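Chemist: One structure is given below, represented as structure tokens, and several questions about it will come after.
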Amino acid sequence: MELSAEIAALRAGTGDPGRLVGEFRRAVLLVPRADGSVDSTGGLISALSGGIRWFYAFTDEKALARFAVARGEAGREWPFLAILGARLVDAVVPEVDGPAGVAVNIADPDGSMLFPPVAGIVPDAYAVDVETESGSVAGVA
């Protein structure tokens, strides 16, 4: 089952959280670039909410287009990085100063899903619900 279908199943109360996370990790997600560039030096669009950096990611170009319309920016080009969900949480999240998660299809009221910085989604060293050996919570300064 694809990620969008897993999100719909979970939201309908018939999905399995483990299957959802697995599908998220296998999915190729489109993550818009913050500076509009297509080279590797550009940052990724994200937002800070509740002390968490949320990367915007989309399951397809139509979902990204709905996001652009919702932001009132449909008239401009939206360069994006195509990346596996696993790579996004395993390689990009650890580069963020503080806790970070992924907001998928955020402009779709009935099809969005948040993947927060918790164990089982992001590496334990960056999960806000895991205590380190020093007794502090990982990922929180």
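The values are calculated or read from the model by the stated rules, or taken from the named source; none is laboratory data. All of these numbers come straight from a predicted model, not from anything done at the bench. In this analysis, Cβ positions are derived from the backbone assuming ideal geometry, glycine residues included, and neighbour counts consider all displayed protein chains.
Chemist: For residues that are surrounded by fewer than 18 Cβ atoms within 10 Å (Cβ to Cβ) and at pLDDT 95 or above, scanning just region 96-115, find the one that is nearest to Glu73 (Cα to Cα).
Modeler: Going through the qualifying residues, I end up with Ser112.
Chemist: Can you tell me which of (1) in a loop (DSSP other than H, G, I, E, B); (2) of a type outside the set (A, V, I, L, M); (3) closer than 17 Å to Phe115 by Cβ is the one Asp35 doesn't meet?
Modeler: Going through the list (1) in a loop (DSSP other than H, G, I, E, B); (2) of a type outside the set (A, V, I, L, M); (3) closer than 17 Å to Phe115 by Cβ, Asp35 breaks only (3).
Chemist: A follow-up question, please. Give just the number: which of (1) surrounded by fewer than 14 Cβ atoms within 10 Å (Cβ to Cβ); (2) in contact (Cβ under 8 Å) with a residue 24 or more places away in the chain; (3) at positive phi does Arg76 not satisfy?
Modeler: It fails just one condition, (3).
Chemist: Applying the selection to region 67-106, what residues are part of a helix (DSSP H, G or I), small (Gly, Ala, Ser) and closer than 25 Å to Asp124 by Cα?
Modeler: As a first pass, look at region 67-106 and keep what is part of a helix (DSSP H, G or I): 67-70, 85-95.
Subset that is small (Gly, Ala, Ser): 68, 70, 85-86, 91.
If the condition is that a residue be part of a helix (DSSP H, G or I), small (Gly, Ala, Ser) and closer than 25 Å to Asp124 by Cα, then Gly85, Ala86, Ala91 are the ones that fit.
Chemist: A further question on this structure: Give the residues of region 44-63 that are within 14 Å of the chain's Cα centre (by Cα) and not hydrophobic (A, V, I, L, M, F, W, C), sorted by residue number. Show your work before the answer.
Modeler: Kept after step one, since they are within 14 Å of the chain's Cα centre (by Cα), are these residues of region 44-63: 44-49, 52-60, 63.
Matches in region 44-63: Ser46, Ser49, Arg53, Tyr56, Thr59, Asp60.
Chemist: Considering Arg71, Arg66, Arg19, which residue is among the charged types (D, E, K, R), more than 16 Å from the chain's Cα centre (by Cα) and at pLDDT below 95?
Modeler: Numbers: Arg66 fails: at pLDDT below 95; Arg19 fails: at pLDDT below 95.
Criteria check complete, one pass: Arg71.
Chemist: Of all residues in region 117-141, how many are modelled with pLDDT of 80 or more and in a loop (DSSP other than H, G, I, E, B)?
Modeler: 9
Chemist: Here are some residues: Leu48, Leu64. Which one is among the hydrophobic types (A, V, I, L, M, F, W, C), outside any helix (DSSP H, G or I) and without any contact (Cβ under 8 Å) to a residue 60 or more places away in the chain?
Modeler: On the way: Leu64 fails: outside any helix (DSSP H, G or I).
Being among the hydrophobic types (A, V, I, L, M, F, W, C), outside any helix (DSSP H, G or I) and without any contact (Cβ under 8 Å) to a residue 60 or more places away in the chain holds for just one of Leu48, Leu64, which is Leu48.
Chemist: Within region 22-54, take every residue that is of a type in the set (Lys, Arg) and within 17 Å of Ala82 (Cα to Cα) and give me the one that is modelled with the lowest pLDDT. Full working, then the answer.
Modeler: So the first thing to find is which residues in region 22-54 are of a type in the set (Lys, Arg), and the list is 25-26, 33, 53.
Restricting the remaining residues to those that are within 17 Å of Ala82 (Cα to Cα) gives 25-26, 33.
Values: Arg25: 97, Arg26: 97, Arg33: 94.
Result: Arg33.
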